[in-house]
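Participant: What follows is a structure written as structure tokens; I'll ask about it next.
The values are calculated or read from the model by the stated rules, or taken from the named source; none is laboratory data. Computed from a prediction, not measured in an experiment: that's the story for all the values here. Using ideal geometry, Cβ is built from the backbone for each residue, glycine included, and neighbour counts are taken over all protein chains shown.
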There are 2 protein chains.
Amino acid sequence: MPSTIKDVAARAGVSLATVSRYINGTGKLRPATAERVNAAIAELGFRPNAVGRSLSTSHTKSLGVVIPSLSNPVFSDAVSGINEAARAEGYRLMFTSTEYNRAEEVEAVSSLLEYRVDGLILTVADAEEAPALDLLEAAGVPYTLLYNQSGRSARPAVTIDNVAAGREVAQHLLALGHQRLGMVSGSFSASDRAMARRDGFTAEIVARGFPAPRVLEVDFVNSEVEEALVLLMRDRDTAPTALFCSNDLLAISVIGALERIGLNVPEDVSVLGFDGIAIGTHLHPTLTTVVQPSRDMGQTATRQLLACLQGGSDPDTMILPYRLQIGESVGPAAKPSPTGPSELNQTK
Amino acid sequence: MPSTIKDVAARAGVSLATVSRYINGTGKLRPATAERVNAAIAELGFRPNAVGRSLSTSHTKSLGVVIPSLSNPVFSDAVSGINEAARAEGYRLMFTSTEYNRAEEVEAVSSLLEYRVDGLILTVADAEEAPALDLLEAAGVPYTLLYNQSGRSARPAVTIDNVAAGREVAQHLLALGHQRLGMVSGSFSASDRAMARRDGFTAEIVARGFPAPRVLEVDFVNSEVEEALVLLMRDRDTAPTALFCSNDLLAISVIGALERIGLNVPEDVSVLGFDGIAIGTHLHPTLTTVVQPSRDMGQTATRQLLACLQGGSDPDTMILPYRLQIGESVGPAAKPSPTGPSELNQTK
DNA sequence: GTGAAAGCGCTAACAC
DNA sequence: GTGTTAGCGCTTTCAC
């Protein structure tokens with residue numbers, strides 16, 4: 001139904017090739033010709049068909065984006081950055097969220113490959129074990145990982161040093177006098193970065209001669225978080241005095257659950273998050289967290305990928321800086337109460 | 001570089017048409033033939049080129065999505081819903097966020113039109129005055145608005161009744177004894193729904209014989225919010241005792257600013273938000289807000305649009321239910337303090 | 001400076 | 001059942 005280059009050519013009394021040249025600015029047109037073409041285009045409301053062009057040029061000027069979820073601001077911020085950087089270079093985004101479903105990863109990538117995106121940016125569950133990435137490599141389509149901890153597999157990624165961040169979190173907590181530390185994480189199998197944070201955290205604690213942290217792996221459902229926490233915190237004399245959460249959303253859940261079971265943050269337990277989502281500074285207590293430059297990471301990944309598309313080289317891994325942001329949710333270790341441990345769940 | 005149908009045909013010793021039929025399941029193949037084709041596809045790692053198919057069929061199985069920003073959970077939730085519903089029907093998403101920039105709206109739509117998306121879902125600044133939509137209509141590409149208050153222009157939309165919601169907010173506040181009400185909104189020119197909420201809010205208040213609310217229109221920058229609030233709240237005897245914010249993100253800013261200038265929520269001022277973003281229930285005080293079924297709205301819009309694509313009919317407007325959710329950020333009107341108005345900014 | 005024509009990968013008549 | 005062929009809308013040699 002929309003008009004084609006052919007219609008424009010007929011109307012302007014020139015050939016297809018001339019119209020094409022006019023549109024793409026390739027080759028010089030006599031001013032008079034250009035004017036006639038221009039007029040024809042305007043009169044017809046002609047809009048070049050990118051599908052035809054893509055078939056002909058074998059590139060689509062579009063990028064695939066695959067992320068686990070949009071509900072976490074960490075990802076939506078990154079996508080904002082991707083969007084901005086892509087648009088600046090005239091690229092469109094084909095977007096998919098997998099909802100943390102690994103099977104979706106390969107389905108999404110397959111589909112994006114059929115659409116012949118020029119490159120992709122993605123966050124997968126586990127960069128070491130990702131059929132979706134193998135697919136991409138087999139297809140020879142450039143991509144760059146975002147957030148993923150691409151360990152020994154050496155896959156191109158824009159990320160932070162999650163292990164170092166985990167260590168720094170441990171140091172911070174230890175420096176505040178906490179001796180019994182714990183970690184609460186979402187499913188490790190859905191997040192290689194959570195694993196890396198745990199590894200750094202644990203390593204540092206052990207290296208300093210403290211007992212390895214108790215690690216709670218929870219399915220991200222509120223009720224389950226609360227249940228698990230009741231168990232973990234039952235005996236205040238042995239329970240952790242500080243909890244490192246693998247991400248801010250989880251930290252927020254944890255703080256809520258803790259308060260519901262009668263524990264105050266940070267007086268009774270300190271809670272530290274990860275990601276640095278904007279809302280963290282508006283909470284009470286404000287979140288202490290490791291902030292990742294999400295938007296910037298998205299932009300960087302995109303620019304890098306785009307550079308490779310023009311240049312031909314393959315993307316490299318880039319480690320961006322993180323920053324420990326001090327909030328109110330972490331305090332100094334409480335001195336053991338002289339009157340003995342306080343009771344939990346006094347409501348009953 | 002990737003293999004084509006032709007390669008597969010050659011390898012399987014059949015014609016292009018046969019391979020095409022196999023892929024699309026159109027027409028019957030002799031089992032033996034099907035097997036050979038299947039083997040050839042596997043051996044070659046063949047993946048059909050959607051660009052070629054689109055050119056041939058003149059549909060792309062892709063939907064355009066244009067929203068103002070991903071930073072507001074209201075939009076990222078909607079996009080999640082869109083993503084889910086689209087994927088269920090085998091459609092891909094071409095995504096753009098305009099960052100509340102109206103010029104971007106038409107640029108995004110133009111570009112999406114070039115890519116020949118089969119339909120679009122979008123939230124524009126103002127549905128009454130949107131060149132981007134005129135473009136779409138001229139092109140005859142089906143679309144449906146999301147969140148927009150498509151007033152007399154009768155453009156197809158999936159939304160809630162923002163006017164009624166505004167009225168209900170007013171009733172709620174009035175019922176709690178508040179007599180001087182205020183509203184804080186982002187730029188009205190960037191949000192027809194904010195206008196509608198204000199209109200309903202104001203109309204109800206005036207209809208009940210109370211003075212029209214003071215309306216603050218702020219550019220969404222924290223410092224500006226605080227400044228404006230200082231002015232508005234200077235004289236506690238005449239200042240509003242309850243503030244209706246046009247969205248939750250703004251409400252959160254407002255609560256923060258209020259506390260910074262020494263006013264407690266809800267003791268000194270009640271604050272009511274709009275949208276029902278998930279984080280609202282984790283704040284202190286928890287947000288009282290009008291919740292929109294964002295994810296559901298995204299899904300509904302998508303399903304409706306998709307139905308039209310198959311059916312041929314044009315999308316209709318659907319008004320979904322909203323729900324006033326009571327939180328702690330709104331309390332009963334404070335009795336005038338017997339000792340006179342409290343001082344502001346006592347910190348200095 | 002401009003035109004003619006081949007071809008990008010696929011689908012859909014239309015034959016056989 | 002399966003093959004042939006003509007496009008879909010565009011870009012791009014290669015002539016002129």
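Participant: Would a scan of region A:112-119 turn up a residue that is touching a Lys or Arg at 6+ places or on another chain (Cβ under 6 Å), in a helix (DSSP H, G or I) and within 14 Å of chain B (Cβ to nearest Cβ)?
Facilitator: Within region A:112-119 (the criterion being touching a Lys or Arg at 6+ places or on another chain (Cβ under 6 Å), in a helix (DSSP H, G or I) and within 14 Å of chain B (Cβ to nearest Cβ)), the answer is yes, since at least one residue qualifies.
Participant: Quick check on my filter: what residues within region A:1-18 are more than 8 Å from DNA strand C (Cβ to nearest atom) and of a type outside the set (S, T, N, Q)?
Facilitator: Of everything in region A:1-18, those that are more than 8 Å from DNA strand C (Cβ to nearest atom) and of a type outside the set (S, T, N, Q) turn out to be A:MET1, A:PRO2, A:ILE5, A:LYS6, A:ASP7, A:VAL8, A:ALA10, A:ARG11, A:ALA12.
Participant: How many residues, within region B:120-141, are assigned to a loop (DSSP other than H, G, I, E, B) and either in the same structural domain as B:SER191 (by TED's automatic domain parsing) or without any contact (Cβ under 8 Å) to a residue 12 or more places away in the chain (or both)?
Facilitator: So the answer is 2.
Participant: Of the residues B:GLU99, B:GLU43, which single one is surrounded by fewer than 16 Cβ atoms within 10 Å (Cβ to Cβ) and at the interface with chain A (Cβ under 9 Å from one of its Cβ atoms)?
Facilitator: Within the list B:GLU99, B:GLU43, the selection yields B:GLU99.
Participant: Does A:THR241 qualify as being in contact with a His (Cβ under 7 Å, 6 or more places away or on another chain), of a type in the set (Ser, Thr, Tyr) and assigned by TED's automatic domain parsing to the domain that holds A:PRO285?
Facilitator: When the stated conditions are applied, A:THR241 passes them.
Participant: So, one more: Can you pull out every residue in region A:206-255 that is over 20 Å from the mean Cα position of the chain (by Cα), assigned to a helix (DSSP H, G or I) and among the β-branched types (Val, Ile, Thr)?
Facilitator: Of everything in region A:206-255, those that are over 20 Å from the mean Cα position of the chain (by Cα), assigned to a helix (DSSP H, G or I) and among the β-branched types (Val, Ile, Thr) turn out to be A:VAL206, A:VAL225, A:VAL230, A:VAL254, A:ILE255.
Participant: Please verify whether A:LEU55 is surrounded by fewer than 14 Cβ atoms within 10 Å (Cβ to Cβ), within 12 Å of DNA strand C (Cβ to nearest atom), modelled with pLDDT of 95 or more and of a type in the set (A, V, I, L, M), treating the condition exactly as stated.
Facilitator: Against the criterion (surrounded by fewer than 14 Cβ atoms within 10 Å (Cβ to Cβ), within 12 Å of DNA strand C (Cβ to nearest atom), modelled with pLDDT of 95 or more and of a type in the set (A, V, I, L, M)), A:LEU55 does not qualify.
Participant: Can you tell me which residue in region A:272-309 is farthest from A:LEU324 (Cα to Cα), limited to those that are surrounded by 22 or more Cβ atoms within 10 Å (Cβ to Cβ) and of a type in the set (Ser, Thr, Tyr)?
Facilitator: Checked region A:272-309; the qualifying residue farthest from A:LEU324 (Cα to Cα) is A:THR302.
Participant: In region B:257-284, which residues are in contact (Cβ under 8 Å) with a residue 24 or more places away in the chain and under 23 Å from A:SER71 (Cβ atoms)?
Facilitator: Listed by number, the residues that qualify are B:GLY273, B:PHE274, B:ASP275, B:GLY276, B:ILE277, B:ALA278, B:ILE279, B:GLY280, B:THR281, B:LEU283, B:HIS284.
Participant: Can you pull out every residue in region B:41-87 that is away from DNA strand D (no atom under 16 Å from the Cβ), part of a helix (DSSP H, G or I) and of a type in the set (A, V, I, L, M)?
Facilitator: Across region B:41-87, the qualifying residues are B:ALA42, B:LEU44, B:VAL74, B:ALA78, B:VAL79, B:ILE82, B:ALA85, B:ALA86.
Participant: Now a separate question. Which number in (1) at the interface with another protein chain (Cβ under 7 Å from one of its Cβ atoms); (2) without any contact (Cβ under 8 Å) to a residue 40 or more places away in the chain; (3) more than 23 Å from B:LEU55 (Cα to Cα) marks the one condition that A:SER69 misses?
Facilitator: Exception for A:SER69: condition (1).
Participant: Condition (residue is touching a residue at least 24 places away in the same chain (Cβ under 8 Å), within 14 Å of chain A (Cβ to nearest Cβ) and farther than 30 Å from B:VAL330 by Cα) applied to region B:142-158: is it met by at least one residue?
Facilitator: Yes, the conditions are met somewhere in region B:142-158.
Participant: Evaluate the following for B:ALA132: is it surrounded by fewer than 22 Cβ atoms within 10 Å (Cβ to Cβ) and more than 9 Å from chain A (Cβ to nearest Cβ)?
Facilitator: No; evaluated as a whole, the condition is false for this residue.
Participant: Tally up the residues in region A:36-77 that are of a type in the set (Asp, Glu) and over 24 Å from B:ALA139 (Cβ atoms), please.
Facilitator: So the answer is 1.
Participant: Here's another thing I want to ask about it. Just to check your reading of the model, which residue among B:PHE95, B:PHE75 is touching a Pro at 6+ places or on another chain (Cβ under 8 Å) and at pLDDT 95 or above?
Facilitator: The unique qualifying residue is B:PHE75.
Participant: If a residue has to be on the phi > 0 side of the Ramachandran plot and either more than 9 Å from DNA strand D (Cβ to nearest atom) or surrounded by 18 or more Cβ atoms within 10 Å (Cβ to Cβ) (or both) to count, how many in region B:6-40 make the cut?
Facilitator: So the answer is 1.
Participant: Further, regarding this structure: When B:ARG197 is evaluated against the numbered criteria (1) assigned to a helix (DSSP H, G or I); (2) outside the structural domain of B:PHE244 (by TED's automatic domain parsing), which criterion, by number, is the only one it fails?
Facilitator: The number of the failed condition is (2).
Participant: Would you say B:VAL74 is of a type in the set (A, V, I, L, M, F, W, C) and touching an Asp or Glu at 6+ places or on another chain (Cβ under 6 Å)?
Facilitator: When the stated conditions are applied, B:VAL74 passes them.
Participant: Sort out which residues of region B:19-35 are more than 9 Å from DNA strand C (Cβ to nearest atom) and among the small types (Gly, Ala, Ser), and write them in order of number.
Facilitator: B:GLY25, B:ALA32, B:ALA34
Participant: Only one of A:LYS28, A:LYS6 is modelled with pLDDT under 95 and away from chain B (no Cβ under 11 Å); which?
Facilitator: Going through A:LYS28, A:LYS6 in turn, the sole match is A:LYS28.
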